[in-house]
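Asks: Structure below; questions to follow.
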């Protein structure tokens, strides 16, 4: 994805996020890469949220892979997990909860939303979708208090970041597949039969 694909002139945050995420690491976990941590911090600060995280959907659970929280707001930790169906993330992916919510308590589906051990006021969330169409997880952020100042452009910034994170994950998966296949050898059928 190129910045001109956005349909508008990118701001400083979008340019910085793109610079951080487009750079390709030589190896290692794409979500452990230091650039992801900085992107999350930049997003959280720019959007004035209390917590931002990348989650992965694994065996019916939502696993927090990277988390950045405002000092004193550490309500979730990397590695924590919970049943996926009991998460706002699943509600967003299913379309039962909008990607941009100014005040969760005013949502028509509020009574059906999973209970959280901490208050959620405003909420922004978008799926992280890999090249094969699989939903890796979500990129989400929330504040403890409602926030009417959030805009569709703020959501678009989160979506752009999720797309760039997916690009990094896709590159990592391609490198891993390449390493795995490097050791493979094909043998002619006749040689296999003689064995």
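Asks: Could you tell me how many of the residues in the stretch 61-88 are surrounded by 13 or more Cβ atoms within 10 Å (Cβ to Cβ) and assigned to a loop (DSSP other than H, G, I, E, B)?
Replies: 7
Asks: Shifting gears a bit: Of all residues in the stretch 50-60, which are surrounded by 16 or more Cβ atoms within 10 Å (Cβ to Cβ) and not in a strand (DSSP E or B)? Can you show your working first?
Replies: From the stretch 50-60, those surrounded by 16 or more Cβ atoms within 10 Å (Cβ to Cβ) are 50-57; that's our starting set.
Passing the criteria: only 50.
Asks: Further question: Of all residues being at pLDDT 95 or above, in contact with a helix residue (DSSP H, G or I) (Cβ under 7 Å, 6 or more places away or on another chain) and in a loop (DSSP other than H, G, I, E, B) in the stretch 118-149, which is surrounded by the fewest Cβ atoms within 10 Å (Cβ to Cβ)? Just the residue, please.
Replies: So the residue we want is 121.
Asks: Scan the stretch 150-161 for residues that are closer than 26 Å to residue 61 by Cβ and crowded, with 21+ Cβ neighbours inside 10 Å and jot them down.
Replies: We begin by selecting, within the stretch 150-161, every residue closer than 26 Å to residue 61 by Cβ; these are 155, 158-159, 161.
Once the filter is applied, which keeps residues that are closer than 26 Å to residue 61 by Cβ and crowded, with 21+ Cβ neighbours inside 10 Å, the stretch 150-161 yields 158, 161.
Asks: Right, next: State all residues of the stretch 89-114 that are surrounded by 17 or more Cβ atoms within 10 Å (Cβ to Cβ), touching a helix residue (DSSP H, G or I) at 6+ places or on another chain (Cβ under 8 Å) and in a helix (DSSP H, G or I); if no residue qualifies, say none.
Replies: Within the stretch 89-114, 90, 104 qualify.
The values are calculated or read from the model by the stated rules, or taken from the named source; none is laboratory data. Fair warning: this is a prediction, and the values are worked out from it, not measured in the lab. Using ideal geometry, Cβ is built from the backbone for each residue, glycine included, and neighbour counts are taken over all protein chains shown.
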